[in-house]
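K.L.:
So that we are looking at the same thing, I have put the structure below in structure tokens.
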């Protein structure tokens with residue numbers, strides 16, 4: 001049997017599902033059915049209201065079509081022929097999608113049994129080549145993602161080459177449910193969101209805020225150690241700033257409505273870059289000052305459609321760990337290599353070891369001289385080569401304003417997350433007329449690189465929570481240890497232990513409730529406390545604590561110096 005990539009397989013499975021839906025239900029209107037990173041979906045408009053019980057029925061119909069080994073038949077039509085066919089079938093959504101096809105582009109369809117779909121392809125050869133598949137859920141979806149349009153019914157599914165791979169995938173999904181940061185955020189009292197305040201706006205509770213403070217402090221220290229300077233910028237800016245940057249032309253729908261101040265429109269910032277450029281332009285710059293490395297934990301606001309919001313992973317107000325590097329063409333290769341090394345070290349400090357770079361190169365439509373693109377792309381490639389990582393290249397996949405490297409990490413259960421971005425920008429230096437005085441005494445255009453290391457603080461916290469299932473390593477934890485006296489008679493010594501450990505810089509609490517010690521241990525474990533220091537009569541006599549570790553179990557008796565040394569080592573060496 002011919003081998004097909006997973007995207008082709010899943011796209012074909014979406015068509016297979018649509019063909020089954022057409023067989024089962026009357027008057028179905030179809031929109032789109034693409035492959036996705038995790039599977040596929042298809043959007044339908046029909047009078048029958050789908051229920052979870054319908055998914056098994058549709059699956060059975062899909063299996064029947066698989067057994068028939070129906071061919072995926074491609075054919076092309078003129079625009080007039082395509083319009084006539086879709087009109088005759090009453091497929092109004094497909095007619096609108098047809099209008100999106102540029103003039104002169106081939107208009108192709110695929111036929112599977114009685115089902116015909118406007119589609120570029122490709123597909124497997126026949127339905128029998130579609131391996132293991134499973135329909136997962138039903139959701140509502142506005143046509144074209146616009147709340148003003150009709151609500152369609154969307155069926156999500158997934159497909160794999162074989163049943164074992166699919167079985168492993170669903171096991172991973174079960175584990176992912178346990179690790180869901182929204183669930184853990186509530187259980188561990190880390191953060192919340194309020195309808196009174198608005199969706200996509202995060203409230204950080206004391207425990208979550210302390211973890212955030214800890215990794216932001218690490219972030220700042222690491223940046224200073226790697227030659228960056230910190231800057232701070234306002235949350236709003238005049239409309240003229242966003243006109244110059246191009247945001248009002250290309251990004252206005254994602255920006256919050258302007259406010260009028262002194263008869264001038266001001267917008268809440270969706271990005272930090274224009275502010276950093278204005279700092280650069282505050283005075284004339286010399287080549288002797290470059291490179292400049294400026295970093296900011298800058299909070300931005302973007303209007304995301306309500307259907308796309310997802311816990312901390314997709315929000316409307318978030319803090320970017322933003323940095324910009326401004327340098328000469330001669331400096332760019334070394335700067336990129338240092339950025340990449342720095343990024344890898346940070347991810348490893350947070351406990352992520354499986355990291356892969358993806359390089360996106362010049363698209364057909366691009367700004368900036370081709371020579372600059374060549375220098376930039378080569379500097380990205382050489383930086384990846386220097387650190388010995390395998391890099392996947394997406395030819396033509398860069399933004400119109402510059403090539404980039406994206407780093408993707410794998411978490412504890414094998415999911416891949418896109419995180420750090422190293423993005424060249426040939427657009428904003430031109431728009432803002434950024435220059436420096438070179439060694440020759442003339443003005444030159446600097447290179448500018450956007451660098452988001454963690455991405456956004458909120459999204460990073462969500463990823464971190466799921467990676468560790470809420471059991472953060474000791475150096476990040478909001479509570480290092482909990483002191484657990486067995487009876488009231490040990491309370492005085494327990495308070496001494498608590499005070500001494502706090503004096504030594506540890507975050508410690510005392511559980512002096514009138515509960516059994518087993519109940520206290522259970523609560524501490526549920527709260528993911530790293531060390532439980534149990535104190536009974538023997539420990540009081542010996543001046544020790546009985547140490548239970550979340551990860552290592554019973555560790556026996558230790559005195560204060562011993563438990564201090566153990567915790568200090570883990571924190572200083574960022575043991576994950």
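Coordinate-derived values only; no laboratory data. Keep in mind that this is a model prediction, so the values were computed, not measured. For neighbour counting, all protein chains shown are included, and Cβ atoms are generated from backbone atoms with ideal geometry for every residue, glycine included.
K.L.:
Could you work out, for segment 1-128, what percent of all Cα-Cα pairs fall into each 5 Å distance bin, beginning at 0 Å and stopping at the bin that holds the largest distance?
P.N.:
So the P(r) values, bin by bin, are 2, 10, 20, 24, 21, 14, 7, 2, 0.
K.L.:
According to a simple spin-label model (label point 7 Å from Cα along Cα-to-Cβ), what is the distance in nm between residue 371 and residue 310?
P.N.:
Placing both labels 7 Å along Cα→Cβ, they lie 4.4 nm apart.
K.L.:
Which residues does the label zone of residue 210 cover in segment 173-187, counting backbone N under 18 Å from a point 7 Å along Cα→Cβ?
P.N.:
185-187
K.L.:
Do you know the relative contact order of segment 389-460, to the nearest whole percent, from alpha carbon pairs under 8 angstrom that are 6+ apart?
P.N.:
26 percent
K.L.:
Another question, if that's okay. Relative to the longest principal axis of the chain, what angle (0 to 90°, nearest 10) does the C-alpha long axis of helix 6-24 take?
P.N.:
60 degrees
K.L.:
Moving to a separate point now. Give me the extension gain from residue 283 to residue 500: residue separation times 0.36 nm, minus the current Cα-Cα distance, reported in nm with one decimal.
P.N.:
72.9 nm
K.L.:
Among 420, 137, which comes first, then next, by fewest other beta-carbon atoms within 10 Å?
P.N.:
137, 420
K.L.:
For semi-axes √(5λ) of the Cα gyration tensor in Å, the listed values are [x] 69, 37, 19; [y] 47, 37, 23; [z] 43, 30, 25; which was obtained by calculation from the structure presented?
P.N.:
It is the one labelled [y].
K.L.:
Looking at the P(r) of segment 429-476, how many percent of alpha-carbon pairs lie beyond 12 Å?
P.N.:
The share of Cα pairs beyond 12 Å in segment 429-476 comes to 74 percent.
K.L.:
Same structure, new question: What number, rounded to the nearest 500 deg cm²/dmol, is the helix-based mean residue ellipticity at 222 nm of the chain, given -39500 (n - 2.57) per DSSP H run of at least four residues and division by all its residues?
P.N.:
Taken over the chain, the calculation gives -11000 deg cm²/dmol.
K.L.:
Using R₀ = 22 Å, calculate the FRET efficiency as 1/(1 + (r/R₀)^6) where r is the Cβ-Cβ separation of residue 125 and residue 64; round to 0.05.
P.N.:
In this case the efficiency is close to 0.75.
K.L.:
Okay, next question. Can you give the FRET efficiency for residue 107 and residue 195, using 1/(1 + (r/R0)^6), R0 = 51 Å, r = Cβ-Cβ distance, to the nearest 0.05?
P.N.:
Approximately 0.65, to the nearest 0.05.
K.L.:
For segment 481-572, what is the convex hull volume of its Cα atoms per residue in Å³?
P.N.:
Taking the convex hull of the Cα positions in segment 481-572, it is 86 Å³ per residue.
K.L.:
Compute the angle between helix 370-386 and the longest alpha-carbon principal axis of the chain, please, reported from 0 to 90 degrees and rounded to the nearest 10.
P.N.:
50 degrees
K.L.:
Between residue 114 and residue 163, what length in nm is gained on full extension when 0.36 nm per residue of separation is reduced by their alpha carbon distance?
P.N.:
14.9 nm
K.L.:
At what distance in nm do the modelled label points of residue 186 and residue 557 sit from each other, each positioned 7 Å from its Cα along Cα→Cβ?
P.N.:
Roughly 4.5 nm, to one decimal.
K.L.:
Could you work out the relative contact order of segment 6-177? I mean the mean sequence separation of Cα pairs under 8 Å and 6+ apart, divided by the number of residues, in percent.
P.N.:
Over segment 6-177, the number comes to 29 percent.
K.L.:
Ok, one more. What's the angle, to the nearest 10 degrees (0 to 90), between helix 457-467's Cα axis and the longest principal axis of the chain?
P.N.:
80 degrees
K.L.:
For segment 473-508, list residues with backbone N below 15 Å from a point placed 7 Å from the Cα of residue 568 toward its Cβ?
P.N.:
Label zone hits: 500-507.
K.L.:
Would you kindly state how much longer the chain becomes between residue 395 and residue 341 on full extension, computed as 0.36 nm times their sequence separation minus their alpha carbon distance, in nm to one decimal?
P.N.:
Additional length available on full extension: 17.1 nm.
K.L.:
Here's a follow-up. Quote the FRET efficiency, to the nearest 0.05, computed for residue 229 versus residue 437 with a Förster distance R0 of 22 Å and r equal to the Cβ-Cβ distance.
P.N.:
0.60
K.L.:
Could you work out the relative contact order of segment 481-572? I mean the mean sequence separation of Cα pairs under 8 Å and 6+ apart, divided by the number of residues, in percent.
P.N.:
After rounding, I find 28 percent.
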